[in-house]
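Engineer: Take a look at the following structure, please.
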């Protein structure tokens, strides 16, 4: 058994997962806001609740998907939009508090790992997982292994400038990171609305019948989607030029827009340095559960068995 936890901005979700990837137990709590010590205790509460629901998970290793990353240089949290985590030794504190092995990874990395393990990316050698939600993130899986890099920022395509910006797009919206024109400012859910003077939820955009222009409102949304398709194609073309993945899997609220999967592959070829593009663009298979499942996949079944054997032998 392995425990996976998704430390989100509004909720903490935990699961117990067996060797086959089946979810055995699940528990959720609201995420404490702005308090590191209370957040630690909430994570411990979720682990305890899961162990009570599934006693075989007692002592099981814990994987946690989190905003930001652990700096390889300092061991402290960096780049987290949950600012109470920044500069804290989260992995060390949780290992001591839970008295069991703990691994942490960026939430987009966990999404990519989940979809590569047994989701839409299963069976492909290289998978780039993309989050298109409140923010924009990414993770890269090659030969079933998560690629993090020496700076622990592999896949952070949300904070490159939107490629091939037009004169009308320059200099681009200001990003919270301090730069302008980051991919996240264009392709996140809030970015979509801000750049098109729309006030629609991701669900409302996803439900829109693209190419049906029976009303002026539908025509306006179509125009906004055309721009979004083009910008997403430019951003993903850069990923293909650098990594050349077999498949790109989309997640997050904006990934539910059906037209992305037909229109974007028609557009990205103009920006890819190749005579043809065979990269697949697929929607995620596990939906909102991908993050927490990927957190559990941070531990292999073999590693979990070794940990259980060591604990049983004292």
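Only the coordinates and a few stated rules stand behind these numbers; no lab work does. These numbers were taken from a predicted model, which means no experiment stands behind them. Cβ: placed from backbone, ideal geometry, glycine included. Neighbour counts: every protein chain shown.
Engineer: I need to check one value: relative contact order of the chain, counting alpha carbon pairs closer than 8 Å and at least 6 residues apart, in percent.
Structural biologist: It rounds to 21 percent for the chain.
Engineer: Suppose a student asked you for the relative contact order of region 193-314, using Cα pairs under 8 Å spaced at least 6 residues apart; what percent would you report?
Structural biologist: RCO, region 193-314: 25 percent.
Engineer: Here's another thing I want to ask about it. Per residue, how much space in cubic angstrom lies within the convex hull of the C-alpha atoms of region 1-127?
Structural biologist: Once divided by residue count, the hull of region 1-127 is 107 Å³.
Engineer: What is the distance in Å between the Cα centroid of region 279-296 and that of region 103-139?
Structural biologist: Going from one Cα centre to the other spans 6 Å.
Engineer: Want the number for residue 288 to residue 266: 0.36 nm per residue separation, take away the alpha-carbon distance, what's left?
Structural biologist: 5.2 nm
Engineer: Right, here's the next one. Rounded to the nearest 500 deg cm²/dmol, what is the calculated helix-only ellipticity per residue at 222 nm for the chain, with -39500 (n - 2.57) per DSSP H run of length n ≥ 4?
Structural biologist: After summing the helix terms and dividing by residue count, I get -10500 deg cm²/dmol.
Engineer: Tally the DSSP beta bridges in the chain and give the antiparallel ones as a percent, rounded to 5.
Structural biologist: Roughly 60 percent of the DSSP beta bridges within the chain come out antiparallel.
Engineer: Stokes-Einstein at 10 °C, 1.306 mPa s, Kirkwood radius from Cα pairs: D for region 134-211 in µm² s⁻¹?
Structural biologist: It diffuses with D of about 111 µm²/s by this estimate.
Engineer: One-quarter of the Cα convex hull surface for the chain, in nm²?
Structural biologist: The orientation-averaged projected area of the Cα hull of the chain comes to 16.8 nm².
Engineer: Further question: Regarding region 103-169, what are the three Cα extents along the principal axes, ordered largest first, in Å?
Structural biologist: 42, 25, 21
Engineer: Where the convex hull is taken over the Cα atoms of region 120-284, what is its projected area averaged over directions, in nm²?
Structural biologist: 10.0 nm²
Engineer: Now for a different question. When the chain is modelled as a GNM with alpha-carbon springs shorter than 10 Å, which of 111, 192, 273 fluctuates the most?
Structural biologist: Among 111, 192, 273, the largest GNM mean-square fluctuation belongs to 273.
Engineer: So, how do all the Cα-to-Cα distances of region 270-314 break down into 5 Å bins, in percent, from 0 on up?
Structural biologist: With a bin width of 5 Å, the distribution comes to 5, 15, 12, 12, 12, 11, 12, 8, 5, 4, 3, 2, 0.
Engineer: If packing is taken as the average count of other Cβ atoms within 10 Å, what order do 55-62, 83-90 fall into, highest mean first?
Structural biologist: Top of the packing list down: 55-62, 83-90.
Engineer: Could I ask something else about it? At 0.890 mPa s and 25 °C, plugging the Kirkwood radius over alpha-carbon pairs of region 10-58 into Stokes-Einstein gives what diffusion coefficient in µm²/s?
Structural biologist: Roughly 217 µm²/s, to the nearest whole number.
Engineer: Then there's this: Give the distance, in whole Å, between the Cα centre of region 62-83 and the Cα centre of region 157-195.
Structural biologist: Each part reduced to its Cα centre gives a spacing of 24 Å.
Engineer: Please work out the Cα convex hull volume for region 240-314 and give it in Å³ per residue.
Structural biologist: Roughly 119 Å³ of hull volume per residue.
Engineer: By how many nm would the segment from residue 302 to residue 20 lengthen if fully extended, with 0.36 nm per residue of separation less the alpha-carbon distance?
Structural biologist: Residue separation times 0.36 nm, minus the Cα-Cα distance, leaves 100.4 nm.
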